[in-house]
Amino acid sequence: MMISPWDRWFSTSCCLCCHVRTGTIILGVWYMLINAVVLLILLTALSDPEQYHLTSAELANDLDVMDDANMCIASAISLLMILICGMATYGAYKLRAAWIVPFFCYQIFDFALNTLVAVTIVVYPNTIQDYLQQLPDNFPYKEEISALSNVCLVLIVLLFIGCILGFKAYLIACVWNCYRYVSGRGTSEILLYVTTNDTTVLLPPYDDSVSVPPKQATPPYATATA
């Protein structure tokens, strides 16, 4: 019997110990906490711009690093991410497969974006040196890092990005397995094998069987009288 690649890599466990539902719920809550902290920092910076407003004069540049418009956009993105992560957490908890799809799409987009960064580093290796030159002078180990060759810097950065991509791919697989598990629970069908005549009877799911109203009982027969 041929097994498709999707079924071959399907698993209901993740992190070697917990169920994919539990892993997706933990991942959704973790992402919500991170984005909530980022949103809190951005709102605090908007409320007190004199204290948190950064200019790129410190980075040997004449443009502003983060103005009010960019901070508002970043706040909106953080709020949207909290909503998406909350939907994934709710979908995994309540067995709603459609609620997990936006979070899975975000993971795919994030993975593609990081892959594009890795490809850009390979095609344009000098961008690393340009980025190091834009760092402030008091940045830790700036001189030691700048003294390394381009090949060494590219290998280090690619190794770091490769580890991140591998971890993100594993999280994507966990969320995808959770989606398949939840959607399978909603449309699962029970097969009953009858061994007497080698036939297979397909029964509907239990929830559908319970929801079907029972047939009306046949009226009792009246005794015919002459």
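Each value in this text was obtained by applying a stated rule to the coordinates, not by laboratory testing. What you are looking at is a predicted structure, and each value in this text was computed from that prediction instead of being measured. Cβ: placed from backbone, ideal geometry, glycine included. Neighbour counts: every protein chain shown.
A crude spin-label estimate for the pair ILE41 and ASP130, with each label 7 Å from Cα along the Cβ direction, gives 2.6 nm.
Taking a Cβ cut-off of under 12 Å around ARG21, the surrounding Lys, Arg, Asp and Glu residues balance to a net charge of +4, with basic ones at +1 and acidic ones at -1.
Spin-label pair LEU95-LEU80: with each label point 7 Å from Cα along the Cα-Cβ axis, the two points sit 3.3 nm from one another.
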